[in-house]
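Only one structure is covered here, and it is reproduced in the block below.
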Amino acid sequence: MFRIVQFKIPAVKVEQWFEQEKSVSRLLYDRCPMRERNGFYYSAPMATTSALFFECEQLLRSLVGDPPHLVEDLTPEYRLLRTRAPQAYDYDYCIEVGSMAGEFDTERLVAMPVESVEYQSGRYSSGMFTPIDCR
């Protein structure tokens, strides 16, 4: 089962990494982009099945050991839809979880914030790609 998560790292720890090991810090910044907010650095939300998740997790593991305490589970705030819409129909908040060959075209599983489901579904439907809710 997949989850939608984001990494949440105390700003103090990230700033220590930048001071102590510039190459590792640059790697973290380049491979797992984060934004600072309220004393923490947050990664973009991502599926635990994505390559980005494994890359960020591996990098954080090299810095702090086992990082589960740095993972914030956002799954309840997201909904999963199945669609044939091309990726060009996705807005920035959409997270592609996977894709597979369908009977008529490639079908994709896309997670999005619950509050955006209606709007995004309308966008998919405008191109005749009515999504299926996978609850």
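The set of residues in segment 73-97 being under 17 Å from CYS134 (Cα atoms), touching a residue at least 60 places away in the same chain (Cβ under 8 Å) and not aliphatic (A, V, I, L, M) consists of THR75, GLU77, TYR78. Scanning segment 117-132 turns up no residue that is of a type in the set (S, T, N, Q) and in a strand (DSSP E or B). Contact map, segment 100-123: residues that are within 15 Å of ARG84 (Cα to Cα) paired with residues that are small (Gly, Ala, Ser), Cβ distance under 7 Å, separation 6+ or inter-chain. Pairs shown: THR106/SER99; GLU107/SER99; ARG108/SER99; LEU109/GLY98; ALA111/ALA47. I'm told GLU72 meets every condition in (1) under 30 Å from GLU15 (Cβ atoms); (2) of a type in the set (Asp, Glu); (3) surrounded by fewer than 12 Cβ atoms within 10 Å (Cβ to Cβ) except one. Can you identify the failing condition by its number? Single failed check for GLU72: (3). For first residues located in segment 10-30 and over 12 Å from LEU63 (Cβ atoms), partners that are modelled with pLDDT of 75 or more and among the small types (Gly, Ala, Ser) and lie 6+ apart or on another chain with Cβ distances below 7 Å form the pairs PRO10/GLY39; ALA11/GLY39.
Selection of segment 70-95 for residues being part of a loop (DSSP other than H, G, I, E, B), out of contact with any helix residue (DSSP H, G or I) (no Cβ under 6 Å at 6 or more places or on another chain) and either of a type in the set (A, V, I, L, M) or not assigned by TED's automatic domain parsing to the domain that holds THR106 (or both) yields only LEU74. Looking only at segment 81-98, residues that are touching a Leu at 6+ places or on another chain (Cβ under 7 Å) and not charged (D, E, K, R) come to 2 in all.
The values are calculated or read from the model by the stated rules, or taken from the named source; none is laboratory data. None of these values were measured; they are calculated from a predicted model. When we count neighbours, we look across all protein chains shown, and the Cβ atoms used for this are built from the backbone with ideal geometry, even at glycine.
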